[in-house]
Amino acid sequence: MTATIPPAAPSPAPSPDAASSTASPHALAPAPAKLPAVTYVFTAGTFLMGTTEFVVAGLLPAVAADFSVSIAAAGLAITVFAIGMIVGAPTMALATLRVPHRVTLTAALLVFAVGHAIGALTPDYAVLLGTRVLTAIATGAFWAVASVAAVNAAGPRASSRALGIVLGGGMLANVLGVPLGAFAGQVIGWRGTFWALALLAAVLSVAVARSVPGTTTADGPSPAPSIRAELASLRSGKLWLVLATCAMVTGGVLSIYSFISPILTDGAGLPQSWVPAALMGFGIAALIGSVLGGRMGDTRPLATPLVTSIATLVVALALFQVAAVPAAVLVLFVLLGLVGLSANPVLVGLANRYGGEASTLATAMPTSIFNLGTAIGTGIAGASLSSGLGTRGPLLVGAVGAALVLIPLGLLILRERDAHHAR
């Protein structure tokens, strides 16, 4: 059901890139020039799922007014979605283990469509929150299974590259999907945005049903799925080091991203009108970074996250130092988008690798852990706003998170290096 990356014969001499040659037991050949077309079907799905995850932020006033609740209460629609993603990704990965990828992904899109349709119709806010949990679970299932299916379809030599494209759909959602959804909400109401998401999901479910293969990988039939083997894959210490890295990456970067509005306006003195432009710049840079990171990750699976993590730390520290200089903050924020999340597809690929032959659950775990890291990081960053640091608080939290990434990642590199020397 999943593809693993076979070890290559040790090279006769160590590569100058110590982080990738001595730290990685899997020397990979160059990625093929062309990815399978189904990769872009998965990308359309992650674009749609990424849009619904964040579009509510731009619709909060309308949602609050419609249901006669406070903005804070309306914000629960975002919170419960995050919780649904944390729980849904690993749970649904196991629950659908013996179900063909095509069926799982199609069903996830149909549940997503139905959830949005019910949300668009209901006059009851509690029902809306319930549909947000339902669609989050469907989103978690789609992200998890699409990641595994993308690796299977692309084959081991292009797995990180394929994941870079698929996860890039989520980045593109921040650039296009969320602003368009918020704009549509202003024109036709937030319920109209939900109807549009439901319709697009229904259409995409047809494309998935027609284009996604069964459980055959690029290298031949996959092994029979086993829940016991999937749970056993979680015993890998290297996998948990990857997951810890995932949590630190998003916890650090999104601590800054989530509070960029007060950082720009109250901290740097820019008008509120600059915030959308800054967010779009971040999103475009993050999309580019995801694609480039995926490309580099196929040949430098450990060097890539190491380099991007160090670069993220440098950018975060620079932001903390020049927080009152408007132009510098804008430039550095866009650079943060370029480097901060660019290793995410590589980390998902590493999780798939360390899961071994039974890596569906292992590949699903980063989706959950990314959201968990975001929840913890943004919670701490939010609290820091009321400290003596003010709007520099989230910048410091982001820098600390970027520094902490180097601990599990460094341990992983050392373990791989020891394993390489032991052979």
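The values are calculated or read from the model by the stated rules, or taken from the named source; none is laboratory data. From a predicted model like this one, the values you see are computed outputs, not experimental measurements. Neighbour counts run over all protein chains shown; Cβ positions are idealised from the backbone, glycine included. Calculation scope for accessible area: heavy atoms of the full protein, side chains included, ligands and nucleic acids excluded. Shrake-Rupley method; radii C 1.70, N 1.55, O 1.52, S 1.80 Å.
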Charge dipole magnitude, Cβ of K and R +1, D and E -1 - region 204-333, Cα centre, debye nearest 20: 300
Extension reserve of the Val127-Arg98 stretch, reckoned as 0.36 nm per residue once the Cα distance is removed: 7.3 nm
Percent relative contact order for region 249-334, counting Cα pairs under 8 Å at least six residues apart, stands at 37
Using the Karplus curve 6.51 cos²θ - 1.76 cosθ + 1.60 with θ = phi - 60°, work out ³J(HN,Hα) for each residue of region 382-389 in order, rounded to whole Hz, and write x for Gly and Pro. x, 5, 5, 4, 8, 8, x, 6
Cα convex hull volume per residue for region 145-189, in Å³, equals 65
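How large is the convex hull of the C-alpha atoms of the chain per residue, in Å³?
Numbers: hull volume 54.7 nm³, N = 423.
Roughly 129 Å³ of hull volume per residue.
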Along Cα→Cβ, 7 Å out, is where each label goes; now give me the distance between the ones at His420 and Ile310 in nm to one decimal. 1.5
Hydrodynamic radius by Kirkwood, which averages 1/r over all alpha carbon pairs of region 314-375, in angstrom: 13.6
In square angstrom, rounded to the nearest 10, how much accessible surface does Val87 have for a 1.4 Å probe? 80
The farthest towards the positive end of the charge dipole of the chain, of the residues Ile260, Ala244, Val275, given +1 on Cβ of Lys and Arg and -1 on Cβ of Asp and Glu, is Ala244
Leaving out ligands and nucleic acids, and using a 1.4 Å probe, what accessible area per residue does region 260-325 come to in Å²? 42
Two decimals is fine: what's Rg over Rh for region 86-152, C-alpha atoms, Kirkwood radius as Rh? 1.04
Rg and Dmax of region 139-216 over Cα atoms: what are they, in angstrom? 15.1, 46
Using a probe of 1.4 angstrom, how much of the accessible area of the chain is carbon and sulfur, in percent? 72
The chain, relative contact order in percent, only Cα pairs under 8 angstrom and at least six apart counted: 26
Estimate the FRET efficiency between Tyr40 and Ile407 by the formula 1/(1 + (r/R0)^6), using the beta-carbon distance for r and 51 Å for R0, to the nearest 0.05. 0.90
